[in-house]
Amino acid sequence: MKALVKYGFRDGDVELRDVPAPSVGPGTVLVAVSAVGVCGSDIHMWHNTQSASSKANLPVVLGHETAGVIAAVGEGVTGWEVGDRVVCETAASICGVCALCRTGRYNLCPQRQGYGLRRDGGMAEFLVAEPRVLHRVPEGVTLDQAAMTEPFAVAYNAVVERGTVHPGDVVVIQGAGAIGVLAMQMARLNGAGTVVVLGTSIDGHRLAKAREMGADHTVDVTATDPTEVVAALGDGLGADVVVDATGVSAALQQGMEMVRPQGSIVKVGWGPQPLGFSLDPLVKKAVTLYGSYSHTWNTWERVLGLFAQGRLDTANVLGGIYPLADWETAFRTMAEGENIKSVMRAS
């Protein structure tokens, strides 16, 4: 089968290869991949700029935003049939017995192995999955939409489950990439009063899309000081919630300047850069700093439900659909700011 493989730790060590198709085993299903989203982490893997904690087991098939149709069901699997439309969570393997797994926080399992990093992912014709990671795609939701469930789930976890945006809040989203724009939508759904989205000079198109989807203010931080924009809002004390979706460590320093006393910062983007600045403002302002990582079963079900209800704007998010053979175009258009999200079709 055709698969997009990361095979080395140098810039550009990714290529489309013919690899053996996986086979279904006991307790697993075989998913024929219909659509797979491109994540910013895939682009980092392409250029080998990923964080040290994201070093893959090589060679590995990339992709962790997978939607498709069940092609085969292994021995012992019940409740799933060939032909079911499904979307797959990213935790390909967990231990299932640690305290985190037993309390439903398996996204934080120390033994977790993610698709496209430790296990072969969805940028291929077929994917093997345990039934516990499968969710049914609701009627009326396309598989192209379903392939975006994972990034919407990341944004839902950050804004709703971790950051707890309240009605009327001033919310600042740092980053106009996929997670930033989706976090903006979640803040709106959760009742935010004013939402500000920050980007850079390459984000003109994405910032315009953010305005179409409900952002009250968009700021190119290379041309305008966002702290001045935020200081002019509401009572002038700053943002109730700042969501760092950049993966740039220096954004945290800016976030500490923009957040109000007793406000909160949710850090969902991550990167390898050291900080190089003091965290004292967190103490002086009594600010709560939340880390937000991945998602769990309920998060996915909530997002799929919102898709089915038409509550989330996927049309403006999806910038292009590409065959797997055109993976470089799919990656490049995201990296250069043309698309908020690219989706590839494996078949």
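The values are calculated or read from the model by the stated rules, or taken from the named source; none is laboratory data. Every value quoted in this text rests on a predicted model; they were computed, and no experiment measured them. Heads up, the Cβs are rebuilt from the backbone with ideal geometry, glycines too, and the neighbour counts pull from every protein chain shown.
For this structure, a couple of remarks:
- For the range 237-305, the strands (runs of 3 or more DSSP E) that sit wholly inside it and include 3 or more residues that are surrounded by 16 or more Cβ atoms within 10 Å (Cβ to Cβ) and among the β-branched types (V, I, T) are 239-244, 259-267.
- Scanning the range 127-154 for residues that are charged (D, E, K, R) and crowded, with 24+ Cβ neighbours inside 10 Å turns up just one, E150.
- Qualifying position, being within 21 Å of the chain's Cα centre (by Cα) and under 20 Å from G114 (Cα atoms), among S34, S23: S34
- Residues in the range 307-320 that are buried (at least 16 other Cβ atoms within 10 Å of the Cβ) and either over 20 Å from A146 (Cβ atoms) or among the aliphatic types (A, V, I, L, M) (or both): L312, V317, L318.
- Filter pass, H44 being in the same structural domain as P323 (by TED's automatic domain parsing), out of contact with any strand residue (DSSP E or B) (no Cβ under 8 Å at 6 or more places or on another chain) and crowded, with 16+ Cβ neighbours inside 10 Å: yes
- Residues (surrounded by fewer than 24 Cβ atoms within 10 Å (Cβ to Cβ) and touching a residue at least 60 places away in the same chain (Cβ under 8 Å)) located in the range 178-201: L189
- Annotation note: Cβ proximity below 8 Å between a residue of the range 210-228 that is assigned by TED's automatic domain parsing to the domain that holds V171 and over 15 Å from A192 (Cβ atoms) and a residue that is assigned to a loop (DSSP other than H, G, I, E, B) and among the polar types (S, T, N, Q) (sequence gap 6+ or interchain) occurs for E212/N316; D220/T200; V221/T200; T222/T200.
- Residue in the range 132-146 that is of a type outside the set (S, T, N, Q), under 12 Å from T66 (Cα atoms) and in contact with a Pro (Cβ under 8 Å, 6 or more places away or on another chain) present: no
- Test: residue in the range 17-37 that is among the acidic types (D, E) and surrounded by 17 or more Cβ atoms within 10 Å (Cβ to Cβ): no
- Of D280, D313, all but one fail to be of a type in the set (D, E) and either closer than 20 Å to V137 by Cα or in contact with an Asp or Glu (Cβ under 7 Å, 6 or more places away or on another chain) (or both); the exception is D313.
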